[in-house]
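Contents: one structure, followed by commentary.
The values are calculated or read from the model by the stated rules, or taken from the named source; none is laboratory data. All values reported here derive from a predicted model rather than from experimental measurement. With ideal geometry, Cβ positions are generated from the backbone for all residues, glycine too; neighbour counts draw on all protein chains shown.
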Amino acid sequence: MSGEAENNAKTAILPVQNPSAAEQAVTASVLEDMQKTSLESGQPEAAAVLFSWEIDPPELAKLISEVMTLPIVLWSTGMTLTYSLWLSSLLPARETIGSIRQSADYA
């Protein structure tokens, strides 16, 4: 607590000072130079190049297709695996057992 009180006691409130005319002129010229160089280069800022909110319709269709395909593939693979495990767990039919015994007797 004492640290907070010391920090608050040391903090001074300064009145707002208006910049001088010379500072305003320098700031304006720097901003104009920055605008000119960005217009001359013709390239957008690096942040704009990395990400854009504009979505191309073919890209959007491709994205939706990819997102929709994955669950369908996983579902069908799961169903196939479940069906094959279910089939392997079933007992063979009586006719099959009889035909196996007969073929074993002939051999």
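Is one or more of the residues making up the stretch 82-92 surrounded by 10 or more Cβ atoms within 10 Å (Cβ to Cβ), modelled with pLDDT of 80 or more, not aromatic (F, W, Y) and not in a loop (DSSP other than H, G, I, E, B)?
yes
Pick from E40, E23: which is part of a helix (DSSP H, G or I) and at pLDDT below 70? Break it down stepwise before answering.
On the way: E23 fails: at pLDDT below 70.
Selected residue: E40, the only one of E40, E23 that is part of a helix (DSSP H, G or I) and at pLDDT below 70.
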